[in-house]
1. Indicate the gyration tensor shape class of the stretch 47-106 (rounded, prolate or oblate), computed on the Cα atoms with a ≥ b ≥ c the square roots of the eigenvalues: a/c under 1.5 is rounded; otherwise a/b larger than b/c is prolate and the rest oblate.
2. Beyond 15 Å, what share of the Cα-Cα pairs of the stretch 275-322 is found? Please give it as a whole percent.
3. At 222 nm, what value in deg cm²/dmol follows for the chain if DSSP H runs of at least 4 each add -39500 (n - 2.57) and the sum is divided by all its residues, to the nearest 500?
4. Could you give the nm distance between label points at residue 139 and residue 168, where each point is 7 Å from its Cα heading toward the beta carbon?
5. Under 20 °C and 1.002 mPa s, how fast does the chain diffuse according to Stokes-Einstein, given a Kirkwood radius computed over C-alpha pairs? Answer in µm²/s, whole number.
6. If I build a Gaussian network model for the chain, linking alpha-carbon pairs within less than 10 angstrom, which residue out of 262, 250, 189 has the largest mean-square fluctuation?
7. Over the stretch 232-324, what is the relative contact order in whole percent, taking alpha-carbon pairs under 8 Å and six or more residues apart?
8. Using a/c under 1.5 as the rounded threshold, could you call the stretch 116-239 rounded, prolate or oblate? The axes a ≥ b ≥ c are square roots of the C-alpha gyration tensor eigenvalues, and prolate needs a/b larger than b/c, oblate otherwise.
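Nothing in this text is a laboratory measurement; each read-out follows from the coordinates by a stated rule. If you're wondering where the values come from, they're calculated on a predicted model, not measured in any experiment. Neighbour counts are summed over all protein chains in view; Cβ atoms, including those assigned to glycine, are modelled from backbone coordinates with ideal geometry.
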């Protein structure tokens with residue numbers, strides 16, 4: 001990749017639904033060159049996909065992370081398990097791990113009864129040795145520009161004016177809105193005309209509805225999924241149990257401002273925090289964990305870490321919750 005590719009990745013991470021013309025203006029490239037470079041970034045595997053950022057709280061949908069350890073876990077069984085999870089319309093993320101568990105998935109459900117039925121089905125279909133469940137009560141992330149500025153130091157002075165989404169009104173989505181969300185969840189870059197053709201509306205009507213979803217804070221943004229290993233970095237998650245479940249403002253600011261920690265979730269269950277970060281090698285992983293441990297030693301009761309070998313399903317829309 002050259003500097004132009006890196007600038008393009010940066011802009012796409014902030015708003016992947018921008019037109020080629022808008023991207024060209026922000027990156028100083030021609031429209032045709034923008035399209036060529038995006039296609040190349042996708043075909044090379046650096047861009048693994050595009051992401052619709054949705055506020056599930058508007059629908060009363062809950063998120064859980066589940067860590068699994070399986071019996072007779074080998075390459076063949078792993079493929080079978082991944083295929084099984086890929087078919088589940090309530091699972092939004094799948095990653096194979098190294099550490100205490102073999103695999104981690106993220107599940108979106110309506111309530112605990114719904115979750116229980118899904119887990120019981122998994123238990124009957126798969127040879128699960130251990131299963132660890134945590135409820136994701138809150139998400140807060142470092143801005144994507146902090147991560148990419150860290151990954152690509154040469155972008156430190158690149159600060160284009162990118163218009164981001166912001167909530168302006170309240171909006172209650174209906175069944176047609178839900179259909180639009182599912183379609184855009186599969187491809188957030190899809191045009192209004194293509195959506196209109198799928199649900200028998202006019203492109204103008206679709207554009208109006210998407211705008212209402214954006215202004216209502218239901219669609220919070222559009223981004224990309226970057227393939228860390230293709231860029232020479234490893235993905236890792238640190239799970240943290242805090243003393244007396246206390247989370248200080250200092251700890252939160254540390255996570256939000258860190259140039260290594262890319263995201264954090266507040267959990268309920270065995271763990272209180274799930275912190276994700278990228279590193280160039282095992283030595284850097286160790287240094288990041290040690291720095292966090294030493295900085296907050298008086299707050300940390302227990303911790304564990306997982307290296308994410310490969311992501312098989314990326315942050316995607318839980319189609320099942322919109323089709324029930």
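1. Details: a/c = 2.26, a/b = 1.84, b/c = 1.23.
It comes out prolate by the Cα gyration axes.
2. Values: 672 of 1128 pairs.
Here the long-distance tail beyond 15 Å is 60 percent of all Cα pairs in the stretch 275-322.
3. Numbers: 12 runs with 128 residues, N = 324.
It lands at -12000 deg cm²/dmol.
4. According to this spin-label approximation, the distance is 2.4 nm.
5. Numbers: Rh = 21.1 Å.
Result for D is 101 µm²/s.
6. 250
7. Values: 119 pairs, mean separation 39.6, N = 93.
It rounds to 43 percent for the stretch 232-324.
8. Working: a/c = 1.99, a/b = 1.11, b/c = 1.80.
Here the stretch 116-239 falls in the oblate category.
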